[in-house]
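> The structure follows.
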Amino acid sequence: MKKCITPKLFICQLFVFFLLGCHREEQKVKPVIPDKDITMADARNWFETNQSAPSGRVNGELPERKPLWDKAEMIPLSNGLPAVSVPLEYESGGLGIGGLVRLLLYREQGSLQARIMKMVSDSASFYANDEKIQLENFSGILTLHDWQEKFLSGVSYQNGKVIGEISVPKTSGRSGGGCQLVTVTFYTKVCVGRYCETHVDGEMQYIECDGGGGGGGPLPKGPIGGGGGGGGGTPEPRQPLPYTFLKSRFSHTIPGQEKPAIDLRRYLACFGVNTDNSTYQITVYVDEPSPGSGDTKNGLNVGHTFVGFRKNSADGSYIEQVFGFYPAQYSTGWVNSKFSNNGGSHYSVSATFPVSAGQFTRASNAARYMTSEMYNIFDQNCTDAVFSVFDAAGIGLPKTQSSFPYGVDAGYSPGQLGLDLRNNASRYPVNTSGGNAPISLGPC
């Protein structure tokens, strides 16, 4: 008997075939890439594709971080697998003295992972190795963080071997025997020319417990390696670590900083009594670090702002003094100040204002008052001093605060003032040609 396939049965058969086809498609297993297979190109492509901000800024609370891919290298991990190690440059909050930071990219169960590794040498090891981190005999701490800077795990090293587990107090689940509180001292290093000073800038505390640790990912191997833990006794007392976790360095040079201090009162005494028989002018000179950009820093150069006083007598003679406000000795905190002779100093933009005898006297008195004031690179620097002089004369220079490098602070700067003067050339008598300031008469 001949079987007949009805339309309904035919449609049903097609649907079954479709389901079987889908089922077979679902059974296909995506190949798992072996953990040992990772290349720099793959790591970079994955990182820049999967992070919310390839340039590094993931939210308003974190600093800009820039992976230096041209300096990336392959390194072995403690689990025997390879990783891509990329130097990580911080706009602010990098590891200052005695530290290095790397972005580690590796595969774990087929998936790529990203970790920030921060290594900080203890001061004894650091200075014994000519201020370099020697991985084969590293002593200090190593911490792992995710891309959001969240602390994941850490270990302490001594002479290249893991001797303890590092955690932060608020997340540590261990206490009591075998654990100790480690105080990490923050240091910053500041330089003026070849002269450098190291300053304590705060501290942070870790909990260090005997034995190996780390749940945040595998550790670097090779020269550091050295086994899985100490576990045998209390580690030797450590020197304070030169560590600047989420702190900033602000190394810079100020044009003319090497000039000797002057007795400003003797310079100002040359003007004598100011009367209406003479004419007067005050000039603001700005040596911008990067002319016209508004940048607060160009390399180490932060620029300089200084002032010129000129008194013209009826007989055609004149007296001119040019000077600027400096730190007497370098520090990022409050320090003694000095005035130096800026006659002949370079400037990139200036503005000259004719003033009355009264304005000239008030301005010179303001400068004289500054001789007893302290200096602070952020709150009372050369630009602040010039503002005080012009404010006393009743001349309102444009004032715009800008952020200093590395997110240290905000304040007035030569770079921003120079840009403001350029942008207000129609309002102020601005000279954008630059040059060298007039030579000062000197003391009287």
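> Could you please report the charge total around Ile282, scoring K, R as +1 and D, E as -1 over all other residues with beta-carbon less than 12 angstrom from its beta-carbon? Can you show the working numbers first?
Working: positive: Arg310, Lys311, Arg362; negative: Glu320, Asp391.
With Lys, Arg at +1 and Asp, Glu at -1, the neighbours total +1.
> Just grab the label-to-label distance for Met74 and Asn424, each label 7 Å out from Cα along the Cβ direction, in nm (one decimal).
Result for the modelled spin labels: 5.9 nm.
> Residues with beta-carbon under 14 Å from that of Gly343, excluding Gly343: net charge, scoring Lys, Arg +1 and Asp, Glu -1? Spell out each step's value before the answer.
Numbers: positive: Lys259, Arg310; negative: Asp287, Glu320.
Net local charge, Gly343 excluded: 0.
> Next question. Want the number for Leu300 to Thr400: 0.36 nm per residue separation, take away the alpha-carbon distance, what's left? Before the final figure, lay out each step's value.
Details: separation 100, 0.36 × 100 = 36.00 nm, distance 2.16 nm.
Computed gain between Leu300 and Thr400 is 33.8 nm.
> What part of the accessible area of segment 326-444, given as a whole %, is carbon or sulfur when the probe is 1.4 angstrom?
47 percent
> Same structure again: List every residue whose amide H lies under 5 Å from the amide H of Leu77, counting only residues 5 or more places away in sequence or on a different chain, with H placed 1.01 Å from N in the peptide plane.
Amide H neighbours of Leu77: Ala83, Lys221.
> Is there a pair in Lys66/Lys297; Lys118/Lys297; Lys71/Lys297; Lys311/Lys399 whose C-alpha atoms are over 23 Å apart, and which pairs would that be?
Details: Lys66/Lys297 19 Å; Lys118/Lys297 27 Å; Lys71/Lys297 25 Å; Lys311/Lys399 27 Å.
Result: Lys118/Lys297; Lys71/Lys297; Lys311/Lys399 exceed 23 Å.
> Suppose R0 equals 35 Å; then what is the FRET efficiency for Asn365 and Asn436 from their Cβ-Cβ distance, rounded to the nearest 0.05? Please report the intermediate quantities before stating the final value.
Values: r = 27 Å, r/R0 = 0.79.
Step by step, r from the Cβ atoms, then E = 0.80.
> Would you mind getting me the FRET efficiency between Arg265 and Glu89? Use the beta-carbon distance for r and R0 = 60 Å, nearest 0.05. Write out the running numbers ahead of the final one.
Numbers: r = 47 Å, r/R0 = 0.78.
Calculated value: 0.80.
> Kindly identify segment 301-410 as rounded, prolate or oblate by the Cα gyration tensor criterion: order the square roots of the eigenvalues as a ≥ b ≥ c, call it rounded if a/c is under 1.5, otherwise compare a/b with b/c, prolate if a/b is larger, else oblate. Mind dumping the intermediate values first?
On the way: a/c = 1.91, a/b = 1.81, b/c = 1.06.
In terms of gyration-tensor shape, prolate.
> For Ser372 and Leu152, what does the FRET efficiency come to when R0 = 51 Å and r is the distance between their Cβ atoms, rounded to the nearest 0.05?
Here the calculated transfer efficiency is 0.50.
> What does the charge add up to near Ala269, with Lys and Arg as +1, Asp and Glu as -1, over the other residues with Cβ less than 13 Å from its Cβ?
Details: positive: Arg265, Arg266, Lys311, Arg368; negative: Asp263.
Summing Lys/Arg as +1 and Asp/Glu as -1 gives +3.
> Here's another thing I want to ask about it. Which order do the peptides 379-388, 79-88, 66-75 take when ranked by the mean count of other beta-carbon atoms within 10 Å per residue, highest first?
Values: 379-388: 22.3, 79-88: 19.0, 66-75: 14.5.
Result, highest mean first: 379-388, 79-88, 66-75.
The values are calculated or read from the model by the stated rules, or taken from the named source; none is laboratory data. Keep in mind it's a predicted model, so treat the numbers as computed, not measured. FYI the Cβ positions are ideal-geometry reconstructions off the backbone, even for glycines, and counts take in every protein chain you see. Heavy atoms of the whole protein, side chains included, go into the accessibility calculation; ligands, DNA and RNA do not. Shrake-Rupley method; radii C 1.70, N 1.55, O 1.52, S 1.80 Å.
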